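Structure first, commentary second.
The values are calculated or read from the model by the stated rules, or taken from the named source; none is laboratory data. None of the values given here were measured: they were computed from a predicted structure. Ideal geometry is used to build each Cβ from the backbone, glycine not excepted, and the neighbour counts take in all protein chains shown. The accessibility values were calculated without ligands, DNA or RNA, using every heavy atom of the protein model including side chains. Shrake-Rupley method; radii C 1.70, N 1.55, O 1.52, S 1.80 Å.
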Amino acid sequence: MKIHHIGYLVKKLDRAVEAFETLGFQLKQKKIYDEHRKIHIVFVEKDGYVIELVSPVGKDSVVSGLITQYRNMPYHLCYSSNEFEKDLKYLSQQGCVQIDEPCIAPALGNGRVVFLMSPVIGMIELYEKNKGGGDFV
Ligand code: NI
């Protein structure tokens, strides 16, 4: 598994992109709407560090609850995997609890992603790199 990105919750996506740009980040992938999760997603990068900016669209978004609790902040660490089932099993064996079923991520070349919760370090995302259309759209 390799680190792919850090997921970062933001309330105002366009303004967050501008703010990250003033901090030296560059747009890596333009805004994409994930219909299933009801979120807007933008990827920005600096010095090899990729941040996924995630913003809810509507009250039934998967992150609507989180954003009222945490506002603007990092909330998950994403690993890319070439052996999705094996790495998912490994993470589960380490005490991470799977919190959704693997499903397609339009913002990641339609590769599958699944989220797990570690009781010690919070949310981890696993991204099936080899089945997607590439790292980004
Ligand atoms: Ni992510």
Among residues of the stretch 15-30, those that are closer than 19 Å to TYR75 by Cα and open to solvent by 40 Å² or more (accessible area, probe 1.4 Å), counted: 2
Conditions (1) modelled with pLDDT of 95 or more; (2) surrounded by 17 or more Cβ atoms within 10 Å (Cβ to Cβ); (3) under 14 Å from the mean Cα position of the chain (by Cα); number of the one not met by ASP34: (1)
Residues being of a type outside the set (A, V, I, L, M) and within 13 Å of the ligand (Cβ to nearest atom) - total across the stretch 4-19: 4
Residues of the stretch 117-129 that turn out to be farther than 22 Å from TYR33 by Cα and either touching a Cys at 6+ places or on another chain (Cβ under 7 Å) or open to solvent by 30 Å² or more (accessible area, probe 1.4 Å) (or both), as a count: 5
Candidate set: the stretch 62-113, residues that are within 15 Å of the ligand (Cβ to nearest atom) and of a type in the set (S, T, N, Q); chosen: the one most open to solvent (accessible area, probe 1.4 Å): ASN110
